[in-house]
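A.B. asks: First the structure, then my questions, so here it is.
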Amino acid sequence: MNAATAIERRFAEAQPRIRVRRQKLVQAILETPDETFHLSSRAMAKRYHVDPATIVRTIQALGYKRFADFSSDLRKHFIARITPYTVMKATARERRSVADHIRHSVEQDLENLHAFSAVMDPVRVQAVARRIHRSRRVSVVGVDLAAPLAMFLAYDLQVLGFNAVAPTGSAGNLFHHVKHLTPRDLLIAVSFRRGLRETVEAVQRARAHGVPTVGITDSSITPIATYCDEHLIAPLASPLFSGSYVAPLALMNAIVVACAHQNPARSLAILRENEAEYNSGPRWFTGPAGPAARNGNPTANGPAPPASRRRSAR
């Protein structure tokens, strides 16, 4: 799914009215948004070897009154068209050592968390938690790199006693799963940037059947934000070509916390049922541990092996 951005729609409408030279200028700008969205009008003019007045007249021909409005739409166009290659290309141009790239990646993760914390609306998160409490079943849909995120959220909701699932497998499996949802259920869609086709189409099918939908995405202009009944935003910016999922995970943690404390008595009653297993159940590793065990000396932190095993080893 590759819907036209706002700036592309303006260009398509204005194209018959503007001269060929200006058409080529706009096309050049749109083809390299990673190199242009942050430029001023003068810097852009210098970049394309034209007069600054030509830049101004060109964006006016597209219907923009101010360069700032054009620049804002160009940035949104860049976000919508970003690919792993464009991200890697941009970071490869920076003169950094490998150690500097590592530090920059961690710094960007922290920046995303700060940005998420600054704009996160607890009221909206709580509203999503209320929807989850009211729902008969919660389906968390995520494809590709969003699949582990979907499974993470569904798992935590299951621990709290909700009938939650993250459908995996083929596109056909997702299609049939969504087909059986009802207005008493809830679909949470996790997808970012341009939005993966399977996830967006799952939202569209769910809404067609009256199923409430909530989106988790990175911008208010993504297809997930457009088609879901409501959405929550967590930034994905990163020098890593696959994006940073630190903020989306923080958002999911916030949703689970809201669900747990929406009805703490219920949450405690359900978690109490698992208390025995958590304290003494078979899920935990009980063998030897520590440096000696890692170095092949199991007797240092645990019982010696049976004599038969010692003899066979000799």
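The values are calculated or read from the model by the stated rules, or taken from the named source; none is laboratory data. None of these values were measured; they are calculated from a predicted model. Because the Cβ atoms are built from the backbone with ideal geometry, glycine has one as well, and the counts that use them run over all protein chains shown.
A.B. asks: Might you check whether a residue that is modelled with pLDDT of 90 or more and touching a Leu at 6+ places or on another chain (Cβ under 8 Å) occurs anywhere in segment 31-45?
C.D. replies: No, segment 31-45 contains no residue that is modelled with pLDDT of 90 or more and touching a Leu at 6+ places or on another chain (Cβ under 8 Å).
A.B. asks: Can you say whether VAL50 is surrounded by 13 or more Cβ atoms within 10 Å (Cβ to Cβ), without any contact (Cβ under 8 Å) to a residue 60 or more places away in the chain, in a loop (DSSP other than H, G, I, E, B) and of a type in the set (A, V, I, L, M), as far as the supplied structure shows?
C.D. replies: yes
A.B. asks: Right, another one. Just to verify a result, which residue in segment 85-143, among those that are touching an Asp or Glu at 6+ places or on another chain (Cβ under 6 Å) and at pLDDT 80 or above, is farthest from LEU232 (Cα to Cα)?
C.D. replies: The extreme case among them is ARG136.
A.B. asks: Can you tell me which residues in segment 55-79 are more than 15 Å from LEU39 (Cα to Cα) and either part of a helix (DSSP H, G or I) or outside the structural domain of GLN15 (by TED's automatic domain parsing) (or both)?
C.D. replies: If the condition is that a residue be more than 15 Å from LEU39 (Cα to Cα) and either part of a helix (DSSP H, G or I) or outside the structural domain of GLN15 (by TED's automatic domain parsing) (or both), then ARG57, THR58, GLN60, ALA61, ILE79 are the ones that fit.
A.B. asks: Would you check which residues across segment 224-262 are loosely packed, with under 14 Cβ neighbours inside 10 Å and farther than 15 Å from ASP121 by Cβ and list them?
C.D. replies: SER242, ASN253, HIS261 - these are the residues of segment 224-262 that are loosely packed, with under 14 Cβ neighbours inside 10 Å and farther than 15 Å from ASP121 by Cβ.
A.B. asks: Quick check, is ALA43 part of a loop (DSSP other than H, G, I, E, B) and either surrounded by fewer than 17 Cβ atoms within 10 Å (Cβ to Cβ) or of a type in the set (D, E, K, R) (or both)?
C.D. replies: Considered against the rule, which asks whether it is part of a loop (DSSP other than H, G, I, E, B) and either surrounded by fewer than 17 Cβ atoms within 10 Å (Cβ to Cβ) or of a type in the set (D, E, K, R) (or both), ALA43 comes out as no.
A.B. asks: Further, regarding this structure: Please work out which residue is farthest from GLN126 (Cα to Cα), limiting yourself to segment 263-286 and to residues that are in a loop (DSSP other than H, G, I, E, B) and in contact (Cβ under 8 Å) with a residue 40 or more places away in the chain.
C.D. replies: The extreme case among them is ASN274.
A.B. asks: Moving on to the next point. Looking at segment 123-161, which of the residues that are assigned to a helix (DSSP H, G or I) and polar (S, T, N, Q) is surrounded by the most Cβ atoms within 10 Å (Cβ to Cβ)?
C.D. replies: GLN126
A.B. asks: Starting from residues that are of a type in the set (Ser, Thr, Tyr) and modelled with pLDDT of 90 or more, keep the ones in segment 151-191 and report whichever is farthest from ARG134 (Cα to Cα).
C.D. replies: The qualifying residue farthest from ARG134 (Cα to Cα) is SER191.
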